[in-house]
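Colleague: First the structure, which I've put down as structure tokens, then a few questions once you've had a look.
The values are calculated or read from the model by the stated rules, or taken from the named source; none is laboratory data. Only a predicted model underlies this, so the values are computations on that prediction, with no experimental measurement involved. Every residue, glycine among them, receives a Cβ derived from its backbone with ideal geometry; neighbour counts consider all protein chains shown. Quick note on the areas: whole protein, heavy atoms, side chains included, nothing else; ligands and nucleic acids left out. Shrake-Rupley method; radii C 1.70, N 1.55, O 1.52, S 1.80 Å.
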Amino acid sequence: MRVPLAIAGAVLILGAAAVAGVRWTKAGEPVSVAAPTGASTVLPAGDYTMVVDNRTAEVFTDLRNDRGVPTVETYAMPSATSWDQVRSGVAGQLDGWKQVGDCADLGERQVQCAWSESTRLWPRLVRIIFLRPAETHDANSYVWPENTFLIIGSAHGVNR
């Protein structure tokens, strides 16, 4: 009687391990998102570096999970680039993905948006942050030349 019980227990453990393995591998790889037209990985010199580096680190930290490290890239954009151009360019590469939250441009210096893959188990996530210079320069604001930046982060499966 103990042998069949031991076999049943082993089958149950192996079944649970198989399900966990399938869920783990379903997380996939971060999706590759091409930068919009005019984007450059060569960032100009300026007083913005701490701000851009901090936002890049935030995206990396927010997207990191037990599935692995995210892919995060920072780009310098032409100063005439608009939020709608960037958002629609990235969204166009994520056919069938659902937008997470509101991506409205409220005229602030930093605008962000995220998309989640339409899948039940461990969907991948893409997040972008668009940084542009402030329209007015007060004494307490950080100032940089007319540079605009885009941060694109892509993560393995995220349990939402």
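Colleague: Within region 56-80, which residues are assigned to a helix (DSSP H, G or I) and either open to solvent by 50 Å² or more (accessible area, probe 1.4 Å) or free of Cβ contacts under 8 Å to residues at least 40 places away in the same chain (or both)?
Modeller: Ala57, Glu58, Phe60, Thr61, Asp62
Colleague: Test of understanding: among Arg23, Arg2, which residue is at pLDDT below 90, more than 30 Å from Arg132 (Cβ to Cβ), among the charged types (D, E, K, R) and exposed (fewer than 10 other Cβ atoms within 10 Å of the Cβ)?
Modeller: Arg2
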